[in-house]
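Let me begin by presenting the structure, written as structure tokens, before commenting on it.
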Amino acid sequence: KKMYIKRKGEYMREQLWERIEILEQGGVISQKVAQFSKKVTDIMLAELEHPKQDKMEMFITHLAMAGKRAEEGTEENPMDEDLLESMKEEPNYEKALKLLERLLGETDLPFSKTEQDFLSVHICNLLS
């Protein structure tokens with residue numbers, strides 16, 4: 001009888017998908033936002049070489065809540081300008097923006113500039 005050992009990425013994917021499903025089942029996010037969040041999870045796990053689980057959990061939870069706000073037309077307070085400016089100095093910032101653009105291309109949810117700023121910071125953190 002063969003033992004099947006899960007690769008780290010598969011285990012993390014299960015954990016992240018479960019987190020999304022809990023939000024969906026609890027009525028916190030819609031099915032549309034949940035499906036988008038799962039798709040993003042899969043893209044990010046494929047793109048990132050060694051994603052840290054805690055950073056991925058923060059990112060995916062933020063993404064799901066940002067998706068909810070995009071659907072509802074509500075918005076976070078804008079990001080602190082100094083923080084945003086310092087992020088732009090990060091070596092991975094351009095790469096983070098390209099990745100964010102690709103992720104947002106997977107949905108028609110209208111993410112505001114503010115939400116995109118916050119998401120780009122999370123992606124930057126994941127890339128560092």
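Points to keep in mind about this one:
- Surface analysis of the chain yields an accessible area of 62 Å² per residue, using protein heavy atoms and a 1.4 Å probe.
- Inter-label distance for residue 97 and residue 15, nm, one decimal - labels placed 7 Å from Cα along Cα-to-Cβ: 3.2 nm
- With one equal scatterer per alpha carbon and no solvent term, the Debye-computed log10 I(q)/I(0) for the stretch 58-115 at 0.12, 0.14, 0.28, 0.30 1/Å reads -0.31, -0.43, -1.28, -1.28.
- Take every Cα pair under 8 Å whose residues are at least 6 apart in sequence, average their separation, divide by the length of the chain, and the relative contact order is 29 percent.
- Calculated FRET efficiency, residue 42 to residue 125, Cβ-Cβ distance, R0 = 22 Å: about 0.70 to the nearest 0.05.
- Dipole magnitude for the stretch 1-90: computed about the Cα centre from +1 point charges on Lys and Arg Cβ and -1 point charges on Asp and Glu Cβ, it is near 980 debye.
- Furthest towards positive pole of dipole, 48, 62, 77, structure part the chain, Cβ charges: 48
- As a fraction of the 1.4 Å probe accessible area of the chain, surface on carbon and sulfur atoms comes out at 50 percent.
- Each pair of Cα atoms in the chain enters the Kirkwood radius, and Stokes-Einstein at 20 °C and 1.002 mPa s then converts it into a translational diffusion coefficient of 141 µm²/s.
The values are calculated or read from the model by the stated rules, or taken from the named source; none is laboratory data. Here the structure is a predicted model, which means the values were calculated and not measured. A quick note on method: Cβ atoms are made from the backbone with ideal geometry, for glycine too, and the neighbour counts reach across all protein chains shown. Calculation scope for accessible area: heavy atoms of the full protein, side chains included, ligands and nucleic acids excluded. Shrake-Rupley method; radii C 1.70, N 1.55, O 1.52, S 1.80 Å.
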